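Worksheet: the structure to be examined is printed underneath.
The values are calculated or read from the model by the stated rules, or taken from the named source; none is laboratory data. As the structure is a prediction and not an experimental result, all values here were calculated from the model. Here the Cβ is made from the backbone with ideal geometry for all residues, glycine too, and neighbour counts use every protein chain on show. Side chains are part of the model used for accessible areas, which takes the heavy atoms of the whole protein and leaves out ligands, DNA and RNA. Shrake-Rupley method; radii C 1.70, N 1.55, O 1.52, S 1.80 Å.
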Amino acid sequence: GAGVSQSPRYKVAKRGQDVALRCDPISGHVSLFWYQQALGQGPEFLTYFQNEAQLDKSGLPSDRFFAERPEGSVSTLKIQRTQQEDSAVYLCASSQGRQETQYFGPGTRLLVL
Amino acid sequence: SQQGEEDPQALSIQEGENATMNCSYKTSINNLQWYRQNSGRGLVHLILIRSNEREKHSGRLRVTLDTSKKSSSLLITASRAADTASYFCATALRTSGTYKYIFGTGTRLKVLA
């Protein structure tokens, strides 16, 4: 079956613009995670959904970051008024359960100029 | 902040040699996972080891877990050029009734043909 997909793969934004990043998890996966990965670093946890419920958003760096998963499937990570420090790769992962293997998408590389 | 620390940060070996990477973490965990990331791509799951397990094998991979020392190691035997990638450990931490994964800083492995 299809894996996790993310779009767009690359996004260039001017400072101050809003961006929306999409994640299509594996069908039937209950858990969905968003991570931010800076160059040369490991992924940093942003937020976690169980179905449509956002159970943990402790990793979101500021109130400019907002994530949703309204129907328990596709998720969108929105960044308002982007700043240069938001430049990173944003990874989405899904799993069948909270502690099971996570399957990652290819990521969206965001560059804020 | 990242909970895991991989050691070494970078490793360069000849094809056919074994590669050993270590991961240390700070708090109690439910499981630990190892992932591989090729340059510019998403993460690929390698092995999950639960806190009540001490060793696990998958093909040329061998993972050990020592919960008393809060450490894990990943051994890749008979390495190949295709094993060149960054390797990350991730620990599942229980937080506020749910779980989130904390990734380490990664080991960059280069296998020379």
### Query
Restricted to the range B:94-105, and to residues that are surrounded by fewer than 18 Cβ atoms within 10 Å (Cβ to Cβ) and not hydroxyl-bearing (Ser, Thr, Tyr), which residue is nearest to the chain's Cα centre (by Cα)?
B:ARG94
### Query
In this structure, is B:ARG108 within 14 Å of chain A (Cβ to nearest Cβ), open to solvent by 20 Å² or more (accessible area, probe 1.4 Å) and closer than 18 Å to B:SER12 by Cβ?
yes
### Query
Got at least one residue in the range A:5-23 being away from chain B (no Cβ under 12 Å) and modelled with pLDDT under 95?
no
#### Entry: Counted residues, the range B:4-34 - those being open to solvent by 60 Å² or more (accessible area, probe 1.4 Å), within 15 Å of the chain's Cα centre (by Cα) and among the small types (Gly, Ala, Ser)
1
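Against the condition within 28 Å of A:GLY3 (Cα to Cα), without any contact (Cβ under 8 Å) to a residue 60 or more places away in the chain and either facing another protein chain (nearest Cβ under 10 Å) or open to solvent by 50 Å² or more (accessible area, probe 1.4 Å) (or both), how does B:ARG54 come out, does it pass?
no
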## Note on the structure
Going through the range A:54-67 in order, the residues found to be touching a Lys or Arg at 6+ places or on another chain (Cβ under 8 Å) and within 14 Å of chain B (Cβ to nearest Cβ) are A:GLN54, A:ASP56, A:SER58, A:GLY59, A:ALA67
### Task
Identify the residue in the range A:1-40 that is open to solvent by 80 Å² or more (accessible area, probe 1.4 Å) and within 21 Å of A:GLY59 (Cα to Cα) and, among all such residues, is nearest to the chain's Cα centre (by Cα).
A:ARG22
### Task
For residues that are over 25 Å from B:SER39 (Cα atoms), surrounded by 16 or more Cβ atoms within 10 Å (Cβ to Cβ) and not aliphatic (A, V, I, L, M), tally how many sit in the range A:49-65.
5
### Task
Only one of these is free of Cβ contacts under 8 Å to residues at least 40 places away in the same chain and assigned to a strand (DSSP E or B): A:LEU60, A:LEU55. Name it.
A:LEU55
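The rows are residues; the columns are (1) within 11 Å of the chain's Cα centre (by Cα); (2) modelled with pLDDT of 95 or more.
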{"site": "A:LYS57", "(1), (2)": "no, no"}
{"site": "A:PHE66", "(1), (2)": "yes, yes"}
{"site": "A:SER87", "(1), (2)": "no, yes"}
{"site": "A:GLN96", "(1), (2)": "no, no"}
{"site": "A:GLN102", "(1), (2)": "no, no"}
### Task
Go through B:SER79, B:SER86 for me and flag whichever is open to solvent by less than 50 Å² (accessible area, probe 1.4 Å) and not in a strand (DSSP E or B).
B:SER79
